[in-house]
Amino acid sequence: MLDVKDLRVNYGKVAAVQGISLSVTAGEIVAVIGANGAGKSSTLNAVAGIIRPTAGSILFNGEAMTGHAAHRYIQRGIVQVPEGRMIFRTLTVLENLQLGAYRLGSFVHGHASPDDVLQQFPMLADRLHEPASNLSGGQAQMLAVARGLMAKPSLLLLDEPTLGLSPIAAEDVFRLISTLRNEGLTILIVEQNVRRTLALADRGYVVEGGRIVLHGSAENLIKDDRLVAGYLGVKADRLRKSVQ
Ligand SMILES: Nc1ncnc2c1ncn2[C@@H]1O[C@H](COP(=O)(O)OP(=O)(O)OP(=O)(O)O)[C@@H](O)[C@H]1O
Ligand SMILES: [Mg+2]
């Protein structure tokens, strides 16, 4: 479904992504793991068409995507739920949701209706007319995902969906991801909760300094000494503490 080859992203002199290749097959959950600043968000933003890569190719269902405007990516079915959720706090829950069906002042072709999407999100359905600022962190993340689903994606990109959430709220998000996959959505996810994410994912890529240093099935990665030492040990605990 998605084939990324030798992706490079530079910000001026900063080479954030230095030749990343990865693929995602329809129906998979694929995890991208790595420390702060490794280049995970830059990779996802390039796949979403939000930033223009310096080099490399992005094929989606066989179509070359690089060079197209961001709305073309959405129209083709690639939708990103950004890091930090990006909910408009002064708008209502419903208004935030409706924004997911618009790009550049027009409707995304074939978008979903709020009623369709809300079936998965009863806690949001009860609060449609409240300002989004009333929502807890977990509910705001649910709204961010729900807004993404309004564009009827086939590939959903999730950037740190559980960052800053309580363990209970994070578990709700992981359960939602599982449900979405069972309903046929393909998911590329960046997550700092490595163990929980690999329990859910089919495959994973580990990024360091803008390059992939390790990849494989989730099952093998979770047992890999290099991953255990780098991301499931002290460092990962420190990372988790820093966001709680
Ligand atoms: N807009 C930008 N301008 C300049 N440098 C940037 C910009 N965005 C990211 N960077 C730099 O690029 C590198 C990769 O950043 P990126 O956000 O992709 O990493 P990340 O793996 O998502 O990190 P985090 O875990 O903190 O979200 C970092 O060194 C970062 O400081
Ligand atoms: Mg990031």
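The values are calculated or read from the model by the stated rules, or taken from the named source; none is laboratory data. The model shown is predicted, which means the values in this text are computed figures rather than measured ones. Neighbour counts run over all protein chains shown; Cβ positions are idealised from the backbone, glycine included.
Do you know which residues across segment 148-184 are among the aliphatic types (A, V, I, L, M) and within 16 Å of ligand 2 (Cβ to nearest atom)?
LEU157, LEU158, LEU163, LEU165
Can you find even one residue in segment 77-95 that is within 21 Å of the chain's Cα centre (by Cα) and of a type in the set (Ser, Thr, Tyr)?
Among the residues of segment 77-95, not one is within 21 Å of the chain's Cα centre (by Cα) and of a type in the set (Ser, Thr, Tyr), which makes the answer no.
For segment 96-137, what are the residues that are within 19 Å of the chain's Cα centre (by Cα), surrounded by fewer than 19 Cβ atoms within 10 Å (Cβ to Cβ) and either within 15 Å of ASP172 (Cα to Cα) or among the β-branched types (Val, Ile, Thr) (or both)?
GLN120, GLY137 - these are the residues of segment 96-137 that are within 19 Å of the chain's Cα centre (by Cα), surrounded by fewer than 19 Cβ atoms within 10 Å (Cβ to Cβ) and either within 15 Å of ASP172 (Cα to Cα) or among the β-branched types (Val, Ile, Thr) (or both).
Checking GLU63 against (1) within 30 Å of HIS129 (Cα to Cα); (2) surrounded by fewer than 17 Cβ atoms within 10 Å (Cβ to Cβ); (3) not aliphatic (A, V, I, L, M): exactly one of these is not met. Which one?
Among (1) within 30 Å of HIS129 (Cα to Cα); (2) surrounded by fewer than 17 Cβ atoms within 10 Å (Cβ to Cβ); (3) not aliphatic (A, V, I, L, M), the lone unmet condition for GLU63 is (1).
Determine which single condition GLY164 fails, assuming it passes every other condition in (1) in contact with a Gly (Cβ under 8 Å, 6 or more places away or on another chain); (2) assigned to a helix (DSSP H, G or I); (3) at pLDDT below 95.
(2)
Any residue that is of a type in the set (Val, Ile, Thr), within 16 Å of ligand 1 (Cβ to nearest atom) and closer than 30 Å to GLY56 by Cα - is there at least one of those in segment 155-178?
Within segment 155-178, one or more residues are of a type in the set (Val, Ile, Thr), within 16 Å of ligand 1 (Cβ to nearest atom) and closer than 30 Å to GLY56 by Cα.
When the residues of segment 33-47 are narrowed to those that are more than 6 Å from ligand 1 (Cβ to nearest atom) and farther than 20 Å from GLY77 by Cα, which ends up surrounded by the most Cβ atoms within 10 Å (Cβ to Cβ)?
Here the answer is ILE33.
Condition first: within 16 Å of ligand 2 (Cβ to nearest atom), in a strand (DSSP E or B) and at pLDDT below 95. Can you find one or more residues in segment 36-49 that meet it?
No.
Could you tell me which numbered condition THR90 fails, if it satisfies all but one of (1) within 27 Å of LEU163 (Cα to Cα); (2) not in a loop (DSSP other than H, G, I, E, B)?
In the conditions (1) within 27 Å of LEU163 (Cα to Cα); (2) not in a loop (DSSP other than H, G, I, E, B), THR90 misses (2) alone.
Conditions: (1) over 22 Å from SER133 (Cβ atoms); (2) more than 16 Å from ligand 2 (Cβ to nearest atom); (3) modelled with pLDDT under 95. ASN193 meets all but one. Number of the miss?
(2)
Quick one: count up the residues across segment 181-199 that are away from ligand 1 (no atom under 16 Å from the Cβ), assigned to a helix (DSSP H, G or I) and under 19 Å from LEU44 (Cα atoms).
2
Which pairs do you get when a residue that is at pLDDT 95 or above, found in segment 168-189, comes within reach of a residue that is part of a loop (DSSP other than H, G, I, E, B) and of a type in the set (A, V, I, L, M, F, W, C), reach meaning Cβ atoms under 6 angstrom, with the pair 6+ apart or on two chains?
Going by the 6 Å Cβ cut-off, the qualifying pairs are THR186/MET1; THR186/ALA26.
Enumerate the pairs (first residue in segment 45-60 and without any contact (Cβ under 8 Å) to a residue 24 or more places away in the chain and over 20 Å from PRO153 (Cα atoms); second residue anywhere and crowded, with 22+ Cβ neighbours inside 10 Å and of a type in the set (A, V, I, L, M)) with beta-carbon separation below 8 Å, excluding pairs fewer than 6 apart on the same chain, so at least 6 apart or on different chains.
The qualifying pairs are ARG52/ALA46.
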